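Below is one structure, written out as C-alpha cells, with a few remarks after it.
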Amino acid sequence: MSYSASREPTSSAAPSTDAWIERDAAAVWHPFTQHSTWVADEPTLVASAEGPWLIDLDGNRYLDGVSSLWVTTVGHCHPDINAAVKEQLDTLDHSTFLGTTHRPGIELAEALIDIAPQGEGPQLTKVFYAGDGSSAMEVALKMSYQYSTQTGHSRPKFVRLTSAYHGDTLGAVSAGGIDLFHQTYRPLLLQTIAAPSPGERHEGIDQDDHVAACTEELGRIMAEHGSEVCAIVLEPLMQGAAGMLNYPASYLQAARRLATEHGALLVCDEVATGIGRTGRMWSVEHAGIVPDLLACGKGITGGYLPLSAVLAAQHVWEGFLADGSTTPRTFFHGHTYTANPLCCAAALANLRIMREQDVVGQAAALGERLGELLAPLRDHPGVKEIRRHGTMIGVEVVDRGPRTGFEVCQAVRGHGVWLRPLGNTVIVMPPLNLGEDETELLAGALIKGIDEVLT
Ligand SMILES: *Cc1c(COP(=O)(O)O)cnc(C)c1O
C-alpha cells in the first residue's frame, strides 16, 4: 500500500471510505453518472467480493442483486474460474488474433458453437470475437451491411425497435431507441427505421392487441422498405435497459419470418439475455428460432473480463469468401485485444461450470422462485407492474418523482442488498446459482425497501 500511503502522509492508518470517495471525486468520471450528486448519494466502495456478495471497505456485505450490472453468472471469485485465469496467465497472456491463433480462442469458439441455439433458422457455425457488448453489435451491424453488398445489392438501412438498447458506441446507439440515452446523438447516426416495440406498455391498451399491432406494423415496414433493409435488429423477448420490457415469442417468430422473406438478416442481441439469464442458454430458444447473427457478451466470462462474440450463420460467412470475386470481401474489422486468451480462459471455465452444474436449470428454478417471492408486490399500492423473463426482473414502482427507483434501491441497501434501478423500474438480476437463503434475503429486502419508500 505504499502508493496510497504516499497520498495520505498524515495518517499511518488505511484511508477511510470517505478519503477514497474524495479521491474518486477528484479524478474519476463515472459512466452514466451525474457528478453533481455523486458524492452526496454515498456510493459504495467495493473492496472485495465472494460468491454473490460484495464487501465494502468497512466489511459490510451486500448481496449483488444485479450481478454487477448483469454479468456475474456463478458468483464472484469462483475458485475454478480464478484457477483457470491464473493458469492461463502463466502460459500465454496475449497474442494477436490477426495472423496468429491460440488454443483458448479456438476452444471457446467450439464451445460456443456447441451451445448455439437450434430451431427455425440457420445453423450458427462461426464465431467472431469482440471486446464488449457494444463492439459485438458494431460487428453485427457492419457484417449485415457488408453482407448485403456482397450477396445482392447495398441495403443501407436497419430496422430497430423503439425502447431498444444495444450499447453506447455510435453504431449500437443507431440501433437504440431510448430517448434519454440516445436522442442527443441522433444527428450522428446510421440510417434506421424505427418499429414500435411490442414490449412497451400503453395506458388503456390491451397488451395482446398492442403486440398484434406491432407485428402488423413490422410487416408493413418490411413490405415498404424491405429491399433497403440489411437487418432487423432486436433484443429477443426482453428489452433490458428500457426497464425490462418483455414481449411474447410470437413477435420474434414473425421477425424471423419477415427477415427471411425480404432477404434481410435477423440480428439478435443476446448480450443481456444470453448465457442462461432467461432460464435457457439463449432467449431465442423460448421462441424456437435462430437468428443469422447472434451477439453475446456480459455473462460470457462469468462476469470476470471484457469479452463478447458474434455467432454467425454459415451463409453469412460464405458471403465473405473471396472465391471468384473481384473484390476482397474481407471483413475489415478487428480489435487489438480480440480473443484475449485470459478472457477466453475465463469464459471456457464459466461455460464448463455451467454445463457440469446445470446452472441454466438452476437459473430457471431461481427465476420461478423469485417470481413466487415477489408475487405479493403485485397488490402493493407502490408497485405498477412486475415484469419477468427467467431471472431478469423489473419491478416498476409508482412515480413519486424522478428518483423514486433510486430511493427504493438506497432503502434496499440498508437491508444488505445492492440494486440499481432504471428510472422507476427496480432491476433484480442476481447470479444464476443463488441459494435459497440469499434468494429470500433478496426478495425480502426489496419488499421492505418498497414498503419504506412507498407507503
Ligand atoms: C449491456 C448491453 C449491451 C452493451 O454491452 P457493453 O458490454 O456494455 O458494451 C448491448 N446490448 C444489450 C442488450 C445490453 O444489455
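The values are calculated or read from the model by the stated rules, or taken from the named source; none is laboratory data. These numbers come from a predicted model, not from an experiment. Here the Cβ is made from the backbone with ideal geometry for all residues, glycine too, and neighbour counts use every protein chain on show. Heavy atoms of the whole protein, side chains included, go into the accessibility calculation; ligands, DNA and RNA do not. Shrake-Rupley method; radii C 1.70, N 1.55, O 1.52, S 1.80 Å.
Having 2 or more residues that are surrounded by fewer than 21 Cβ atoms within 10 Å (Cβ to Cβ) is the bar; report the strands (runs of 3 or more DSSP E) wholly within segment 341-455 that clear it.
Per the criteria, 383-389.
Would you check if GLN34 is exposed (fewer than 15 other Cβ atoms within 10 Å of the Cβ), more than 27 Å from TYR337 (Cα to Cα), within 23 Å of the chain's Cα centre (by Cα) and in contact (Cβ under 8 Å) with a residue 40 or more places away in the chain?
Answer is no for this residue.
Any residue in segment 166-194 that's under 21 Å from GLY297 (Cβ atoms) and open to solvent by 50 Å² or more (accessible area, probe 1.4 Å): show its pairings with residues that are part of a loop (DSSP other than H, G, I, E, B) and at pLDDT 95 or above at Cβ separation under 7 Å, as long as the two are six or more apart or on different chains.
Hits for this filter: LEU170/LEU189.
Can you name the number of the only condition in (1) away from the ligand (no atom under 11 Å from the Cβ); (2) open to solvent by less than 10 Å² (accessible area, probe 1.4 Å) that MET137 fails?
For MET137, the exception is condition (1).
Test each condition in (1) on the phi > 0 side of the Ramachandran plot; (2) modelled with pLDDT of 95 or more; (3) away from the ligand (no atom under 16 Å from the Cβ) for LYS298 and report the one that comes out false.
The single condition LYS298 does not satisfy is (3).
So, of the residues in segment 316-335 that are out of contact with any Leu (no Cβ under 9 Å at 6 or more places or on another chain) and touching a residue at least 40 places away in the same chain (Cβ under 8 Å), which turns out to be most open to solvent (accessible area, probe 1.4 Å)?
TRP317
May I ask you to list the residues in segment 243-295 that are of a type in the set (Phe, Trp, Tyr), within 16 Å of the ligand (Cβ to nearest atom) and open to solvent by less than 10 Å² (accessible area, probe 1.4 Å)?
Across segment 243-295, the qualifying residue is only TRP282.
So the check is Cβ under 7 Å with 6+ separation or different chains; which pairs have a first residue in segment 254-283 that's without any contact (Cβ under 8 Å) to a residue 40 or more places away in the chain and a second one that's away from the ligand (no atom under 16 Å from the Cβ)?
Short answer, once both residue conditions are applied: ALA254/THR215; ALA254/LEU218; ALA255/LEU218; ALA259/LEU265.
Looking at segment 209-241, which of its residues are in contact (Cβ under 8 Å) with a residue 40 or more places away in the chain, closer than 11 Å to TYR251 by Cβ and more than 16 Å from the ligand (Cβ to nearest atom)?
Result: VAL211, LEU218.
Test each condition in (1) away from the ligand (no atom under 16 Å from the Cβ); (2) out of contact with any Lys or Arg (no Cβ under 8 Å at 6 or more places or on another chain) for VAL173 and report the one that comes out false.
So the condition that VAL173 fails would be (1).
Taking the stated definitions as given, is MET238 touching a Ser or Thr at 6+ places or on another chain (Cβ under 7 Å) and of a type outside the set (Val, Ile, Thr)?
yes
Could you please let me know if THR326 is within 14 Å of the ligand (Cβ to nearest atom), in the same structural domain as LEU108 (by TED's automatic domain parsing) and of a type outside the set (Asp, Glu)?
Criteria not met by THR326.
What's the number of the only condition in (1) touching a residue at least 40 places away in the same chain (Cβ under 8 Å); (2) open to solvent by 40 Å² or more (accessible area, probe 1.4 Å); (3) of a type in the set (Asp, Glu) that GLU200 fails to meet?
Here GLU200 clears every test but (2).
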